Amino acid sequence: MSRVSIHALCKKYEHRNEAKQAMTVALDNVCLEIADGERVGVIGANGAGKSTLLQLIAGVASPSSGTIELEGA
């Protein structure tokens with residue numbers, strides 16, 4: 001049984017720059033299952049969404065769409 005289950009997770013940030021509205025996609029359609037006892041490392045280049053993913057799992061940020069299920073949290 002998974003302790004962390006992520007399905008179709010997306011996080012988008014909207015921002016304005018000199019009267020222009022832009023959108024940055026930090027995560028797009030991420031699916032992940034972490035079972036009890038597994039260890040996971042998150043590796044990627046700068047701007048790949050590593051910190052955003054961890055913030056969403058920790059509940060510090062809210063996803064734009066998708067689901068995060070945590071067992072035992």
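The values are calculated or read from the model by the stated rules, or taken from the named source; none is laboratory data. None of these values were measured; they are calculated from a predicted model. Note that each Cβ is placed from the backbone with ideal geometry, even for glycine, and that neighbours are counted across all protein chains shown. Ligands, DNA and RNA are excluded from the accessible area calculation, which covers all protein heavy atoms including side chains. Shrake-Rupley method; radii C 1.70, N 1.55, O 1.52, S 1.80 Å.
Of Asn46, Asn29, all but one fail to be out of contact with any Pro (no Cβ under 7 Å at 6 or more places or on another chain), at positive phi and of a type in the set (S, T, N, Q); the exception is Asn29.
Restricting the stretch 1-11 to residues that are farther than 16 Å from Gly59 by Cα and more than 10 Å from the chain's Cα centre (by Cα) leaves a set whose member that is most open to solvent (accessible area, probe 1.4 Å) is Met1. Taken over the stretch 58-73, the criterion of being in contact (Cβ under 8 Å) with a residue 40 or more places away in the chain, closer than 23 Å to Glu14 by Cβ and open to solvent by 60 Å² or more (accessible area, probe 1.4 Å) is satisfied by Ser64, Thr67. On the stretch given as the stretch 24-52, residues that are exposed (fewer than 14 other Cβ atoms within 10 Å of the Cβ), within 14 Å of the chain's Cα centre (by Cα) and closer than 17 Å to His7 by Cβ total 3.
Within the stretch 12-34, the only residue that satisfies the criterion of being outside any strand (DSSP E or B) and acidic (Asp, Glu) is Glu18. It is to be established whether one or more residues within the stretch 42-63 are in contact with a Ser or Thr (Cβ under 8 Å, 6 or more places away or on another chain) and not in a helix (DSSP H, G or I). Checking the stretch 42-63: at least one residue is in contact with a Ser or Thr (Cβ under 8 Å, 6 or more places away or on another chain) and not in a helix (DSSP H, G or I). The condition of being in contact with an Asp or Glu (Cβ under 7 Å, 6 or more places away or on another chain), polar (S, T, N, Q) and open to solvent by 60 Å² or more (accessible area, probe 1.4 Å) holds for only one of Gln21, Gln55, that being Gln21. Considering the stretch 24-52 alone, what residues qualify as being of a type in the set (A, V, I, L, M, F, W, C) and over 21 Å from Thr67 (Cβ atoms)? Hits for the stretch 24-52 are Ile43, Ala45, Ala48. Close Cβ contacts (under 9 Å, 6 or more residues apart or on different chains) running from residues in the stretch 33-54 that are without any contact (Cβ under 8 Å) to a residue 24 or more places away in the chain to residues that are open to solvent by 90 Å² or more (accessible area, probe 1.4 Å) and not in a loop (DSSP other than H, G, I, E, B) comprise Val42/Leu54.
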